[in-house]
Amino acid sequence: MTKSSSGRLPRLEDVAELAGVSHQTVSRVVNGHPNVSKATRERVEAAIAQLGYRRNTAARSLVTRRSQTIGVLGSELSQYGPANTMLGVERAARDAGYFVSIAALRSIGRDAIFDALRHFMDQSVDGIAVLVPHTETLRILEEFNPGVPVVAVGSAGNDAVSGVMVDQKSGAGIAVGHLIDLGHRRIGHVAGPADWIDGALRAEGWRAALHQAGLQDDLVLEGDWSAESGYAIGRRLAAERTATALFVGNDQMALGVLRAFNEAGVRVPDDVSVVGFDDQPESGFFTPPLTTVRQDFEELGRRCMDAMLKEIEAGAPVSSTVVTPQLVHRESTAAPRS
C-alpha cells in the first residue's frame, strides 16, 4: 500500500481527489453500487490501484454499526449438494461486499446449532445463512431468535425466517415424468433420508408423479446420500429385478447403484433406466453418463443474499423464494424393452 506525502496511508478522500470525483462516488464504487457510469468506475478503480487504497472495515463498522460479515452454517459438506450450496452463498456474499464466517456442524441438533449461532453473535454478524435443510432446523432457529436476518437455504422458511430453496418436489416430478414419457410403468425410488427436507420432498414428488399417472408407489428404499448406501440398495434391486426404472435421490447414490448393477450384469439403460439428482460435474462421466436433475447452486446463493440484503439494508419482511431445477438428459435412460 502506497503512503501519501504526509506519511499516512491513503484515504477515500485521496482516491476522490486523484480520480476527480466526490468521496460519495468513490464510496459507491468501493461498495459495488450500480448507479455509477462505466467510465467513472474505471477512473476510480485506477486511482485505487495507483494509491493502493484499502477501505478501513473497522472504521466503517463504527459508522454503519455493521460488521460486513455473514455467518454461514452448514452440514453434510462432504456431499456435493450441500458443499456447492455453501460455495454459491459464499460467492454471492463476497460479490455483495461481505465477508463470510463459516461453521460446519458435525452433528445436527439443538445444542450444536445453538453453539454455532452464539459463535456468530459473538462475531456481530449482520445476518446468517443456514444451510441445514433438516426438518427440525426451522423450529430451532425460531427458538433461538438471533436478532439479525436469517435465511434458511434449502427450506421454504416460515413467519420468522426467510427461505430460499430449489423446488425439490418439482425436480422429482420432472425426473419421474421423463421416465413415464419413455414408457416406464414400474418406477422405484432410492430415497435420501426422510428427516432431511430434500429427501422428503423428492420422495413426495416421485409419489405424486406416479399417482398422477395411475402407477404404483410401493417400491422405495432409503439411503443416506452416500454412494456406499446406493451400492447396497443397488445390489438388492439387482437381485429382485422389480423395476424397469429408478429415480435416485442424488447422483452419489446413483453412482453406487450403477456399480452394483454393473457387477450384477444389469444393463443400464437396456434393463433398467436410472435418473439422479444434483448434476454433479462427474455425472456426465459415469458409466453410462447419468440423466439427472440440475440444481443451480449459484442462483440459490444469489437468491439467498438478495433476501438477506433486503432485510439488512431495507428492513424487508421475511420472504420465500423458489428456484426451478432442470432435467439433464444423458445416456442412462431409455424406453423399456418390450
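For the stretch 185-229, the tally of residues that are part of a loop (DSSP other than H, G, I, E, B) and over 25 Å from residue 77 (Cα atoms) stands at 9.
Regarding residue 125, is this residue farther than 21 Å from residue 315 by Cβ and at pLDDT 90 or above? The answer is no for residue 125. Of all the criteria given as (1) open to solvent by 60 Å² or more (accessible area, probe 1.4 Å); (2) hydrophobic (A, V, I, L, M, F, W, C); (3) modelled with pLDDT of 90 or more, the one not satisfied by residue 323 is (1).
Evaluating residue 305 against the criteria (1) buried (at least 24 other Cβ atoms within 10 Å of the Cβ); (2) aliphatic (A, V, I, L, M); (3) over 18 Å from the mean Cα position of the chain (by Cα) leaves one unmet condition, (3).
Can residue 155 be described as part of a loop (DSSP other than H, G, I, E, B), under 16 Å from the mean Cα position of the chain (by Cα) and of a type in the set (Ser, Thr, Tyr)? Against the criterion (part of a loop (DSSP other than H, G, I, E, B), under 16 Å from the mean Cα position of the chain (by Cα) and of a type in the set (Ser, Thr, Tyr)), residue 155 qualifies. In the stretch 326-338, of all residues being modelled with pLDDT of 90 or more and not small (Gly, Ala, Ser), the one that is farthest from residue 126 (Cα to Cα) corresponds to 336.
Yes/no per residue for (1) surrounded by fewer than 23 Cβ atoms within 10 Å (Cβ to Cβ); (2) in contact with a Phe, Trp or Tyr (Cβ under 8 Å, 6 or more places away or on another chain); (3) more than 30 Å from residue 337 (Cβ to Cβ); (4) among the hydroxyl-bearing types (Ser, Thr, Tyr):
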residue	(1), (2), (3), (4)
180	yes, no, no, no
186	yes, no, no, no
193	yes, yes, yes, no
200	yes, no, yes, no
215	yes, no, no, no
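Of all residues assigned to the stretch 272-280, none qualifies as being buried (at least 18 other Cβ atoms within 10 Å of the Cβ), out of contact with any helix residue (DSSP H, G or I) (no Cβ under 7 Å at 6 or more places or on another chain), closer than 19 Å to residue 182 by Cα and of a type outside the set (D, E, K, R). Taken over the stretch 284-327, the criterion of being assigned to a helix (DSSP H, G or I) and either touching a helix residue (DSSP H, G or I) at 6+ places or on another chain (Cβ under 6 Å) or among the hydroxyl-bearing types (Ser, Thr, Tyr) (or both) is satisfied by 297, 298, 300, 301, 302, 304, 305. Restricting the stretch 219-268 to residues that are under 25 Å from residue 81 (Cα atoms) and of a type in the set (Val, Ile, Thr), the residue that is surrounded by the fewest Cβ atoms within 10 Å (Cβ to Cβ) is 220.
The values are calculated or read from the model by the stated rules, or taken from the named source; none is laboratory data. Keep in mind the model is a prediction, meaning the values are calculated, not measured. Counting neighbours? That spans all protein chains shown, and the Cβs are built from the backbone with ideal geometry, glycine included. Ligands, DNA and RNA are excluded from the accessible area calculation, which covers all protein heavy atoms including side chains. Shrake-Rupley method; radii C 1.70, N 1.55, O 1.52, S 1.80 Å.
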